[in-house]
Amino acid sequence: MDKKTKVMIPCLLLAAICSSVFSDIWKATVVRNIDALVESCVVIPCSFSHTGGNLPTSRLRAMWHYKDRSPDTKGNNIYHDDPTMILDNFKGRTRMLGHLGQNNCTLEITDVKNHDNGPFCFRIELVRTEDNEPTKDKFSFVEDCAELNIIPSPPKPTLIHPKSVSQGEPYTVMCSVIHTCPTHVPELTWNLKTSGVILYQREIHSGKMETLSILTFIAEVKDDNSELTCTAEFSRQQKASSTVRLSVTRIENYNHIIIPSAVGIGIALLFGILCIFMAKKYKNRIAELQNQDGTMWNRLSRLSRR
Ligand SMILES: *[C@@H]1O[C@H](CO)[C@@H](O)[C@H](O)[C@H]1NC(C)=O
């Protein structure tokens, strides 16, 4: 080994270490499995990090391609910053929702077809600012893939409701659907016209969303045994409904007995008091008359004796 080779070996070793370190500076987090309803949309959450800190969007180029197919070939990308590189079948159906400058590579696929299974992988490239060409020499990429679980027909909404409600009390029914399309959320409608509806959206976890509609109305006796239906419209053709039968319990009301009885008793009492009063009054008057009669009789008898 000459002197030159002795110097070369550590240098090569260092280069190997350096290159392995550099290929590790990108990291991506992509949801591996996500449901996607045919005709609806799906949003695949994705984020990446770079050990060199945040890079400006202008220096980054993003693409989503079929796994095991090179993104440098035209037909292999479902998304590419250069639209000519996108597979015809996906043209106009994919959109980067995330801002690359914020390390967000979230992808939206609209009008999902039943063959959109994937797996789809995210790749990022650094480009030269001068001519927008990828820096092939120092080019870094991240690969992480998402598989779509295609759902052919929409799920039925879940209804949450009380077993029974007393008349005059508020009746609250909740209608919930789980989906993966937060950009075009399913529309929830009821077969009851009321202003008492609250809509609510939340993320359950990793791309799974819940849309909730809460309906409240005052229960009336006429609502008992009627059907309440919630319909979830995911797209024009994709609709599903669930129905609940309402149960309203009547509050037993004895007014129809109590009021006439009270009136009857009242009248009877009044009449009774009146009778007693009258009786007393006439008793006195009769006694008075009898007394007067007595004196008259006495007078008369005295006169006849004379
Ligand atoms: C990425 O972007 C999407 C779409 O704008 C957003 O909903 C999501 O919250 C972002 N993710 C992070 C981690 O910021």
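The values are calculated or read from the model by the stated rules, or taken from the named source; none is laboratory data. Because the structure is predicted, anything quoted here is derived from the model rather than measured. With ideal geometry, Cβ positions are generated from the backbone for all residues, glycine too; neighbour counts draw on all protein chains shown. Accessible surface is based on the protein model in full, side chains and every heavy atom, while ligands, DNA and RNA are left aside. Shrake-Rupley method; radii C 1.70, N 1.55, O 1.52, S 1.80 Å.
Couple of notes before you dig in:
- For the stretch 167-239, a simple Cβ point-charge model (Lys and Arg +1, Asp and Glu -1, everything else neutral) yields a dipole of about 320 debye relative to the Cα centre.
- By the Stokes-Einstein formula, at 1.002 mPa s and 20 °C, the stretch 158-249 with its Kirkwood radius over alpha-carbon pairs has D equal to 154 µm²/s.
- Convex hull volume of the Cα atoms of the stretch 25-151, normalised per residue: 95 Å³.
- Packing-based ranking, highest mean first, of 197-207, 57-67, 241-251 given that Cβ atoms within 10 Å are counted: 57-67, 241-251, 197-207
- Heavy-atom accessible surface of the stretch 158-249, averaged per residue, reaches 56 Å², computed with a 1.4 Å probe.
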